[in-house]
Each structure stands twice: as C-alpha cells, then as structure tokens.
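Student: Pasting in a structure now, in structure tokens, and then I'll have a few things to ask.
Taken together, the values in this text are just the output of simple stated rules run on the coordinates, not laboratory data. Predicted model only: the values in this text are computed from it and were never measured. Every residue, glycine as well, gets a Cβ built from its backbone with ideal geometry; the counts of neighbours run over all protein chains shown.
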Number of protein chains: 2
Amino acid sequence: MGAPLAIIGAIGACTVGTDRYESDMKIKATPARLAGLASLFFVSTASASIPPPPSAVELAQRGDDLAWSITEGLTTEIGPRQAGTEAEAAARRWALAKLTALGFQNVREENYNMPTWVRGEETASLTGPFHPQRLAIAALGNSASTGAKGIEGDIAYFASYDALVAAPDHFVQGKIVFIDHQMEPTQDGSGYGYYGRGRFSGPNVAAKKGATAIVIRSIGTDDHRNPHTGVTNFEDGVKPIPAGAISNPDADLLVRQWQRAQKIRAKEVPLGYVAAALRMKLLLTPRSLGQQVSGNVIAEVAGSDRTASPVIIACHLDSWDLGTGAIDDASGCGIITAAAKHVMTAGQPRRTIRILWAGAEEVGVFGGKAYFDAHGKEKHAVALESDFGADRVWRIDFKLPDSAKALSDRIAAAVMPFGVVRGRQPANGGADIGALVQAGVPAVDLAQDGTRYFDIHHTPDDTLDKVDPAQLRQNVVVWTAVLAILANSGDGELP
Amino acid sequence: MGAPLAIIGAIGACTVGTDRYESDMKIKATPARLAGLASLFFVSTASASIPPPPSAVELAQRGDDLAWSITEGLTTEIGPRQAGTEAEAAARRWALAKLTALGFQNVREENYNMPTWVRGEETASLTGPFHPQRLAIAALGNSASTGAKGIEGDIAYFASYDALVAAPDHFVQGKIVFIDHQMEPTQDGSGYGYYGRGRFSGPNVAAKKGATAIVIRSIGTDDHRNPHTGVTNFEDGVKPIPAGAISNPDADLLVRQWQRAQKIRAKEVPLGYVAAALRMKLLLTPRSLGQQVSGNVIAEVAGSDRTASPVIIACHLDSWDLGTGAIDDASGCGIITAAAKHVMTAGQPRRTIRILWAGAEEVGVFGGKAYFDAHGKEKHAVALESDFGADRVWRIDFKLPDSAKALSDRIAAAVMPFGVVRGRQPANGGADIGALVQAGVPAVDLAQDGTRYFDIHHTPDDTLDKVDPAQLRQNVVVWTAVLAILANSGDGELP
C-alpha cells in the first residue's frame, strides 16, 4: 500500500477508533471532519492513483504558515525573552493575545516567582606572554561577578571536564580554569549531556578546588565568534565564581597560545618571548535581581469528552538573552500550536489538548516545575514537547503503557511517510514535561534533527533566518498527525 | 602530454628561456636548480609513468607549512593589527624578525604617517513601536561619533544605495538612514564594488542630504550576528556623520519591523500597536588619533642580475580590528612569502623578488601610496598581489606587454594542472600595487575563489580556522610556479 493511503488510513483509523467510543462521547466522525484533517496533508484525496508522499519542498510550498507566523512574530515583535525580565512578561502578553486570537479556549497566564540573574559587562583578553588579544565571551547563567575592575590571573588548562575533576587542588588554586573539549555534532543531540558537563558542573568543580574563575570552550559545534551561554549551578555551600564561555575560534586561539607558552617555557621555541604562564584578564559583572515574576501561558482545545484526561503539549516561551530565541524555542511554540490549531480546525477532538508555553525553562525549568506543582496531580493522557529547534522530525520514540501498543503502531505508520523512523528506546519527554513523565505520565518524542542545533544554541545567532520553513512545516505535519491520533485515543489506550 | 610533465616542461621552459639570456645574465640553469623547484610539486620526477596532477588533499599533505606558519603566527602572537596602532607596530616587529629568520635580504621597515581612527563604544537598538531589541553593530572607519549619550531617531529606509541617491533630501533630513540590499556571493568578488557602494559612499550621500546618521546592512554574504566593518569616506567639506553596519540577521529584523510598522500605519494590521515610525537608538563613539606612524615591511630575494628590474609581490600586514585578519590578509602574506622562499631555495633567480607586506591598506591604502611615493620611479618588471583570502586560485589574468606573449603562455600552462583557468580580461593588480599598475607596471592576477570570502571579510569571524590548509597550499604551489617563471624572465619579455 502506498504511503499516502497509509496516512489517510492512519488518520481514518484514529477516527474509526473514536467511533468505537462514540456512545460515550456524543461526537460524530463525519466525512467532512476526516477530509479536513486529510486535506492538511494531501492536495487531493479523490485521486485513484497513489501519489508519492509530499516532499519537504512541497510541504513548504503549501499554505500552512502558522508555525512560521508565531516564530516570526515572537522574534520580530519581542526578540530575546529572558526569564524573569520585562521581555519575558512582554512575550506573555503577546502569547495571550495570539493564542486568544487563534480561537483557543481557557487562555491564561499562571505566574510564579523565580530567582533572576542578568548579564552585565563582559570582556576577556589574553594578556601575555603574547600581544594582548580580546576574546568573545559570555557569562554563564548564575556566574558570579568579577567586580567592576575585573581580575587577571594565570590560566590552568584542562583538556576536558574529566581532566579538571581528576586534577589535584593545587593545579587550580588561585587560577583561572580553562576547560577545552570541542563538542562534536550528533543527530540526536546525545553529545549535549556529555560535553555539557563542562558548563553544567565545571564551574562548581573549579570553585570547590579554589579557582578564582572559570572560562570554558563554548558548548557548541560552530566556528563563529559567538559564545554559547547557558545556565550553570553551584552546590549549596559552594561560593559561586565568575564563569564564562568563549567562542570556539577564541578557544582555538587560547589553546595555540597555551601550547606556544609551554614550548617557550621548555625553551623549545626561541622566539624572543619571556617564559611566562598564559594570562587572562576577565571582566564579568552579572548581578542577581532576586525573586522576580515569571509565568506559564496555557491554552486549550477543549475536548468533547470532559471526563477524558488531556494531552499536554509543551514548548518554552523564554529564551536566552543573546539571540532572539528563534530555534530555542519560538519555533517549538509555533510547531505545537500550529498542530493543535489544525486538529481543532479539523473537528473537536475527544480529549482536551493543553498547550503549555512554559516560562523560565532556560534558567532552571521553573515553568515546568510550577506547572507540575499546580497540575501534577491531575491525570494526563500523554505528554509531548518540542524544544530542539526547527529542523525535521526524523525519529519517533514512545513511552506508553502496554495498552497503547496498537495506538503506537498507528502513530508510527502515520508519520512514516514523512521520513520519520521508529526508535527503539523509550521516549524521554522533555524539560518542561519532565516532572510529569517522571511521575508516570506517558510520553511521545518527535525527535528533531539536531545536527546543526548546537551551531546556534544559546548564541546571538539564534535568529529567524536559521529556521528552514520547509523543515518547520514537516514538523507541523508530523505533529498534527500524531496529535490528531493521540487526542482521539480511547480511555482503554491511555490513562 | 600529461599535466605534470607540462608543469615540469613549463618550469623547464622558463629556465631554458633564461638560458637564452645567459650571456647577459651570468647565471647558469643547473639541473639541480630545476630539480629543486620541481620537487616542490612532485614526489618523484624520475617515474616513467605520468601521474595525475596532485589533488588539493595531496598538496595539503605535503610538507610545505610556511604559508600556514606565517598565517598562524601572525594571528596567534599578534592578532588584530589595525593601521596606525601599537598592534600594527607589533606586527611589523614580528614581520621583520620572521622575514630575517627566513633568510631574505634587505629586510627593512619603511615608515610614513597616516590619519588614524579607532573604534569606541558601539551599541544600537530598535526602540519602537515594538519591544526594544539590540542590534549587533560596528562603526565604519571614519565614522563620526554620536557623543557619549547617543542619538535616537526615526529610520528612513532605502532598498539600495541607488534608492538613497535618488531620494529627495526631505526623505532623509533629520533621520537615521538605513540602506538595505543583501550582498550575494560571486566567485570573482565582482559584487564588492556594486554592493559596496552603500558602505564606500552611502554615508557621504546621506550626510549631504542632511541625515543625522546612517546604518547599513553589512556588505557581507553570511547569516551571523557579526557586522562587517570597513572604511567609508566623506568628501572634503562634508561633515561626517555617525555611520555603522549591522549584521545580516539584524538587518533582516529591521526590515521585518519596518514592514510591520508600515502596515500598522496603513491600518492593515490591527495588532494593538500605536502607529509610529520605526525608531533606532544609536551609540557610536569612535575617535580620531590624528597622524600616527605606520609602515611597510619589505624583504627581498636578491636576483643574480643587478641590472634587471624586480618582480614585486604584495600583501598587507594591517587588518581590521574586529577579527585577527587571518584571511585578510595574513594568509596573503603567507602565500607570497612562501612562494618567494621556495623560489629562493630552488636557486637564485635572475630578477630580484621584492616582497611588500604593506601597512594601512584597509583604511585607505596608505602603505601602497607610500611605497609608490618612495619607489614609483624605479623600474618594476611586474607586480602581483594576494589579498582575497586563502581559498584556491581558480583563474589567472595578465596585463603584460606584447613582448610577453610567450611568457604568459608558459605561465598559463604551468598553472593549468592545478585547476587554474586562463581569464579573458586584463589583470587588475590590487590595492597595494594599484598605483604601480596605474603607472604602467605589468601585472598578473592569481584570482582566488571568493565564494565564501564575504562571509568573513572585516568581521570578528576572520580567524585562523577559516583558512583551509589544502587550499592555502594550492595557492603557494601556483604562486611558486608563476613567480619562478617571472623572476627568471628576460629583459626582452618584461620591462
């Protein structure tokens, strides 16, 4: 059977599946409703011949601009949306107006307080033994300040986070630690946890060993002079130290100077330089604003069966301050919202679809925690999140109860024509739905291609031009197919 | 005939050609000398079979690291080398030591004074009618200052430089002019003159029409948040205005906000925004340091015939301040110097090869002018320059006297195996040899592939990692072949 018929069949199956619950649900799966959803994917369902599935280019040429419109709107009218700041509040106002205008129900803001850290001045230079050179640097979230005068010190080089962990304290004491370790791209983003330890934990380790500051090679795969920021955390009782990330070209320079300085000290290179340690001058003046208001924005497609548990779909509204948060994560909000809108337009689903545009994800998942505190005891059918850019969905993973075996098969068949393979590992969920999934809520992951994600992630380069409209639409098509099936699933299939 | 034999033949031909002048020149083309030069290109010349020409990968794997060493050294030990500053002076000291260590003769510095402009603080924001957003901006060389408090004003949008030229003054008066016009890449760099008018002349035109300031879309082909700086010039009698370039993603944002603001004013988009012009806040505080010392660094391979005019080969030592001047133009100095060194190593050439590492090219070709003032009346056989990055040479162009027809054929045949086609237009020369060529000195252009040059040009991203070692070596191989032939050319061929 040709792929398109498989898809129509899958969507049909979901509606047929719904029919099985019709006596309970008082809804009717009409041909018009089916045609409405099918028309999202196919120019014509009446053709006797079986056309190939639409290509990404074809998908991009179709009229579905909602995900783009949200991504473009947030990045153009608001821009950076750092958690706890006025920019994030402006983004919530924008979101409330947008989601209301789109016709969703129960559009609301749910606020909470959170500790807020903001960037100050940031400069760094290599000051000797060679001619001084400035480095492109960004402070890491929760970095301490160097004070307005900055600090200067010898650099202690470590090839990796593990090398820093293994080092005796006296290698580090009184020095500015540098962690090298060039991140390599992976399609599934699995390198983030591995390479990311330098940022997540490196500053804490360096502080405990007595470093005066730490500078890391950006957790990023690009070669531009744009450092990658991101949050770091210090354990209770550990006094935070200044912590920053330099861009990959700057890290390359530091490493070359480090190697040269070592050779001069070993008298291997008689260049006329005085043998001396490599030195850095560092100025970072971030500050804490204490507790500030942040919030989640929530909207719903009200389901026809009020007793059925909702499907929750999440993205995050906040972004880092350096870029405009286009791929992280305006596009995620665009994708999930467009999918929900399409399902709503095709006809009222059985289950409520709850759209969560979470606040304050970047700085510690405060929005996700607040949602869980407020709603964690409610039953949720299944949770999904889009927070890995805007490139195509290439794999689907499930973490569903045994009762959902047939459901997962229907879903996998529905997305197969769009180039999505079925994974063998359980779904992870995502940051904002993490607490729910941890508490047992089923999850489906629509894994995006992350090959170029860490070129852009948390840098000034996270701007609209990095979003590929064709791949963005593939996301929406895949999400719509999956969401339509999940939102019409039965109580015997999901909790 | 196989390509490698063609090359050896060409190099041989040059030596044979030299033999014709032997009675005048008192030099001897020995087999060892020929073999020395040929060995630069071929692992073995003794093989009976004819191997294919070496690939870029093969070239990259050979042992010639001099061009890389110069490029790496200048960018690592010195970094940015803005004309007239201490950094350029440090680069001259580095250059004198390096060129002396390489065994060149008559290594010297020739100083001159030049007006020096340096960057200050630079920030820009779009301040309304939407949520304020910061733009990545760099002042253009010779920009005026906004003063420490900055300025704020309405933006006057122009789709291109030509649109600004055509506009009536009242469109511009009291406003911050913005020139759009996305530069597209070309292999031969021919777009620079066309698109570059916005930078070269846009500020002067805007100032004459009464603008308070001008911001242009960067003259660049990339999509990173790194603005492209570069010099601009105001006519005598025109009061300079603040002038900056914003990165392409920032220009995209400005254009989207501009379009939205127009729609709001036309009441086409009832978004709840107040109809208002798009506004920008701009802070640029560059300053003039008056006349400062700059200088050319010159070195020579002394030719065997003191009566023969020299071959001059040029690059520029200064760089813009934002990056480390790796492709603009440390690599150019690496290429020409490595070629001269290889020719010298192979045996003393008939003509002197004069290596000019010019100062202060970026800010107005002061080094080239100073060279011409000091040496313009001396006879020069031919002039060549490398100042278009480090990507491969793809075309050769000539501007030679009629007497050099056979010479140009030999040269074209020598470089053909390395993927270099013969162009149909006359050679241009280059900025630093421009005055010489204008005065009638013959020129050969080894045109580099500029497809990605304007991704990097004049940005913070001009760093060592952008240099492809394989393509850099192809440059050296091509330059060496050409230089060997030119430096051994006869008085009947070149002036």
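Student: For chain B, what does the alpha-carbon gyration tensor say about shape, rounded, prolate or oblate, given a ≥ b ≥ c as the root eigenvalues, a/c under 1.5 as rounded, and a/b over b/c as prolate? Intermediate results must be reported in sequence, preceding the final value.
Tutor: On the way: a/c = 2.48, a/b = 2.07, b/c = 1.20.
Prolate is the answer for chain B, as a/c is 1.5 or above and a/b outweighs b/c.
Student: Helix A:248-265 against the longest principal axis of chain A: what's the angle in degrees, Cα atoms only, rounded to the nearest 10?
Tutor: Helix A:248-265 sits at roughly 30 degrees to that axis.
Student: If you take the square roots of the eigenvalues of the alpha-carbon gyration tensor of the range B:361-495 and sort them as a ≥ b ≥ c, do you get rounded (a/c under 1.5), prolate (a/b over b/c) or oblate?
Tutor: Numbers: a/c = 2.23, a/b = 1.20, b/c = 1.86.
Note, shape of the range B:361-495 comes out oblate.
Student: Given label points at 7 Å from Cα along Cα→Cβ, what nm distances, shortest first, separate residue B:154 from the same residue in every other copy?
Tutor: Counterpart label points of residue B:154 in the remaining copies fall at 6.2 nm.
Student: In terms of the Cα gyration tensor, with a ≥ b ≥ c the square roots of its eigenvalues, is the range B:183-233 rounded because a/c is under 1.5, prolate because a/b exceeds b/c, or oblate? Intermediate values should be presented prior to the final figure.
Tutor: On the way: a/c = 2.91, a/b = 1.65, b/c = 1.76.
Oblate shape, in that a/c is at least 1.5 and b/c is the bigger or equal ratio.
Student: Based on the Cβ-Cβ distance of residue A:159 and residue B:267, what FRET efficiency does E = 1/(1 + (r/R0)^6) give at R0 = 45 Å, to the nearest 0.05? List each step's numbers first, then the result.
Tutor: Details: r = 61 Å, r/R0 = 1.35.
According to the calculation, E is roughly 0.15.
Student: Which whole-number percentage describes the relative contact order of chain B, with Cα contacts under 8 Å and a sequence gap of 6 or more?
Tutor: Details: 1160 pairs, mean separation 111.5, N = 495.
Computed over chain B, the figure is 23 percent.
Student: For A:248-255, what's the mean count of beta carbons from other chains sitting within 10 Å of each residue's beta carbon?
Tutor: Details: counts 2, 11, 3, 0, 5, 7, 1, 1.
The mean count of partner-chain Cβ atoms within 10 Å per residue comes to 4.
Student: Roughly how crowded by other chains is peptide A:66-76, in terms of the mean Cβ count from those chains within 10 Å of each of its Cβ atoms?
Tutor: Details: counts 0, 0, 0, 0, 0, 0, 2, 3, 0, 5, 12.
Averaged over the peptide's residues, the number is 2.
Student: Something else: Would you please give the FRET efficiency between residue B:86 and residue A:421, computed as 1/(1 + (r/R0)^6) with r the Cβ-Cβ distance and R0 = 51 Å, to the nearest 0.05?
Tutor: Values: r = 58 Å, r/R0 = 1.14.
Calculated value: 0.30.
Student: Another question, if that's okay. Of the beta bridges DSSP finds with both residues in chain B, what % are antiparallel, to the nearest 5?
Tutor: Details: 39 of 66 bridges.
Looking only at bridges with both residues in chain B, the antiparallel portion is about 60 percent.
Student: Roughly what angle does helix B:3-20 make with the longest principal axis of chain B, taking Cα atoms, 0 to 90 degrees, to the nearest 10?
Tutor: 70
Student: Place the label 7 angstrom along Cα→C-beta at residue A:287 and in each other copy, then list the distances from the first to the rest in nm, shortest first.
Tutor: Its label point is 2.7 nm from the equivalent points in the other copies.
Student: Another question, then. Could you derive backbone 3J(HN,Hα) for the range B:305-314 from the dihedral phi with the Karplus parameters 6.51, -1.76 and 1.60 (θ = phi - 60°), listing whole Hz in sequence and x where the residue is Gly or Pro?
Tutor: 9, 5, 8, 7, 6, x, 8, 9, 10, 10
Student: Would you please name the trypsin sites (Lys or Arg not before Pro) within the range A:309-418 that are DSSP coil residues with at most 15 other C-beta atoms within 10 Å of their C-beta?
Tutor: Hits after loop and neighbour filter: A:377, A:379.
Student: Oh, and also: Using only the alpha-carbon atoms, how far is helix A:469-487 inclined from the longest principal axis of chain A? Give it as 0 to 90 degrees, nearest 10.
Tutor: 50
Student: Note the distances from residue A:265 to each other copy's matching label point, with points 7 Å along the Cα-to-beta-carbon direction, in nm, sorted shortest first.
Tutor: 6.2
Student: Quick check on the protein assembly as shown: helices-only [θ] at 222 nm, where DSSP H runs of length 4 and up contribute -39,500 (n - 2.57) each and the sum goes over total residues. Nearest 500, please. Walk me through the numbers on the way to the answer.
Tutor: Details: 32 runs with 332 residues, N = 990.
Roughly -10000 deg cm²/dmol at 222 nm, from the helical runs in the protein assembly as shown.
Student: For residue A:231, which sequence-distant residues (separation of 5 or more, or a different chain) have an amide H within less than 5 Å of its own amide H, given hydrogens modelled in the peptide plane?
Tutor: Placed amide hydrogens put A:141 under 5 Å from residue A:231.
Student: What's the minimum Cβ distance from chain B to the axis relating it to A, in whole Å, and which residue gives it?
Tutor: B:224, 3
Student: Moving on to the next point. Return the sequence-ordered ³J(HN,Hα) values of the range B:205-219 in whole Hz as given by the Karplus equation 6.51 cos²θ - 1.76 cosθ + 1.60 applied to θ = phi - 60°, using x for Gly and Pro.
Tutor: 5, 4, 4, 5, 8, x, 5, 7, 6, 9, 10, 10, 5, 3, 7
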